[in-house]
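Novice: Dumping the structure here so I can ask a few things about it.
The values are calculated or read from the model by the stated rules, or taken from the named source; none is laboratory data. All values reported here derive from a predicted model rather than from experimental measurement. Glycine gets a Cβ as well: all are built from the backbone with ideal geometry, and neighbour counts include every protein chain shown.
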Amino acid sequence: MKKIIALALVIVSTLTSYAQQDNWQTYNTGFADVSGIIHAPAKDTLYIHRIDGSLLRSFNGGANWDSLFIRHDSTYFTELGSYFINGRVGFTWSVWSCMYTGGVKTEVPMLLKTINSGLTWTPAMNGFSIDKVVVAQVYFWDSQLGFAIGQSVTSHPAGTNYTHHHTNETYFTLDGGNTWVLNNSIPVDDIKNKPKMISFCDQYTGLMMGKELNFNYSKSNDGGFTWTNTNIHKLGYNATGVKVQNAQNAFILANDSVYISTNGLQSFVASKLPFTNYNNSVMANNASFYEYGNTTYSLTFNDDIYKTTNNFGSFEVSKNKNGVPNYAMAGVGADIYIYAAHGNVYKTANVTTTKDLTKSTPDVLIFPNPTAENSINFSSAIKAKSYTITANNGALLANKNIEGATINTSTLSAGIYLVSFFDANNKLIASKKLIKR
């Protein structure tokens, strides 16, 4: 009898639990039902970027919404993407924008930037091969340093689709996306292999993957400055999320499976999920999950919302199924949001965690950066007493007390480094990426 009870307990522990569901509030945007992706770049600040080119905004946590139309001489947008650095500054792009000039259909790529919360948008393709590069994803480390993954197109004759010959290219910006510089190229085999999702666990290690079929997942060890096609794994259709937790562990969500790596992102093992992890948003950008502390929330299409605290070993239902499509998930701190059909937005703020993720670290400025000089300057709101310099392979190159407001870089060869600042109690203030030319 004891063996039977023990076996039953094991079986129950591996099944999905439906107890203690979270308390979700329901808001309605008041606008027509159009699929899209939701962003939460700051506390109570939300954006919903929809496939019709409209941008819904809320500045009070979803209670009230207004709408703007991001228009660039276009009648309809497909394969949209967007990224917000903070509550005011963001980017939007279109892999294909159906343009009409004199009744002749052409396809012109675009990247737009806003500095006033989406009120106005201006072209931000300075440095790209104009109308030859389509942007697939944007990622920023801070307000100035970021990169964009683009695709160089061989040709796009008027009235025809883009040719199927693409080359993925990485562009970098040091001025907040006002100008871009080509850094490297990543060849791919097929037009469907558009990189759509990027995740980093630190200033160095990250993965880039696509939404479509059989993308050769690329790994970066230098914060996105270079990428290597590693053929880590080839998934099926409709990948919707990637998360690099640390240098050893990562997971990918695709259809109704989770692919987990525990060996330095070299291989992934697939495991069936107890739900259908399908997301129909064309703007896949890690829109199917949100991780806060030790809890990962997983978005499903017409199913329950699940959460796990043990890396997908078992699941609990956080929210019962809506009976209508769920489009995308986002969060800021303990506030988690779901954008669903009929213009509904669901919010929960009763998340508990073992980590305090609500405190922001003071910013530190280092300049000039990039630099070819033998020293750099820095400024910080909190008095820094010491610093370390770490190479991109993790090697500690310097650990010194600070004298004045400069740091000696004469011994550094050309490359990428992480400079970390500490206070009088040896507590980390902030870390910044340094580029030595």
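Novice: Going by what's in this entry, would L397 be described as at pLDDT 85 or above, of a type in the set (A, V, I, L, M, F, W, C) and within 27 Å of Q248 (Cβ to Cβ)?
Specialist: yes
Novice: Do you know which of the residues in segment 266-282 that are within 26 Å of H39 (Cβ to Cβ) and modelled with pLDDT of 75 or more is surrounded by the most Cβ atoms within 10 Å (Cβ to Cβ)?
Specialist: Filtering segment 266-282 for residues that are within 26 Å of H39 (Cβ to Cβ) and modelled with pLDDT of 75 or more, the one surrounded by the most Cβ atoms within 10 Å (Cβ to Cβ) comes out as L273.
Novice: Hey, another quick one. Any chance segment 303-321 includes a residue that's within 23 Å of Y83 (Cβ to Cβ), in the same structural domain as M197 (by TED's automatic domain parsing) and crowded, with 23+ Cβ neighbours inside 10 Å?
Specialist: no
Novice: Criterion first (over 30 Å from T295 (Cβ atoms), modelled with pLDDT of 85 or more and either part of a strand (DSSP E or B) or not assigned by TED's automatic domain parsing to the domain that holds T173 (or both)) does L365 satisfy it?
Specialist: Taking the combined requirement at face value, the residue does not satisfy it.
Novice: Right, another one. So, in segment 43-70, of the ones that are touching a residue at least 60 places away in the same chain (Cβ under 8 Å) and exposed (fewer than 15 other Cβ atoms within 10 Å of the Cβ), which residue ends up farthest from the chain's Cα centre (by Cα)?
Specialist: D44
Novice: Please tell me if A430 is without any contact (Cβ under 8 Å) to a residue 60 or more places away in the chain and among the small types (G, A, S).
Specialist: When the stated conditions are applied, A430 does not pass them.
Novice: Are any of the residues in segment 71-83 in the same structural domain as T122 (by TED's automatic domain parsing) and at pLDDT 90 or above?
Specialist: Within segment 71-83, one or more residues are in the same structural domain as T122 (by TED's automatic domain parsing) and at pLDDT 90 or above.
Novice: Considering (1) among the aromatic types (F, W, Y); (2) part of a loop (DSSP other than H, G, I, E, B); (3) farther than 20 Å from G210 by Cα, say which one F301 fails and leave the rest.
Specialist: The one condition F301 does not meet is (3).
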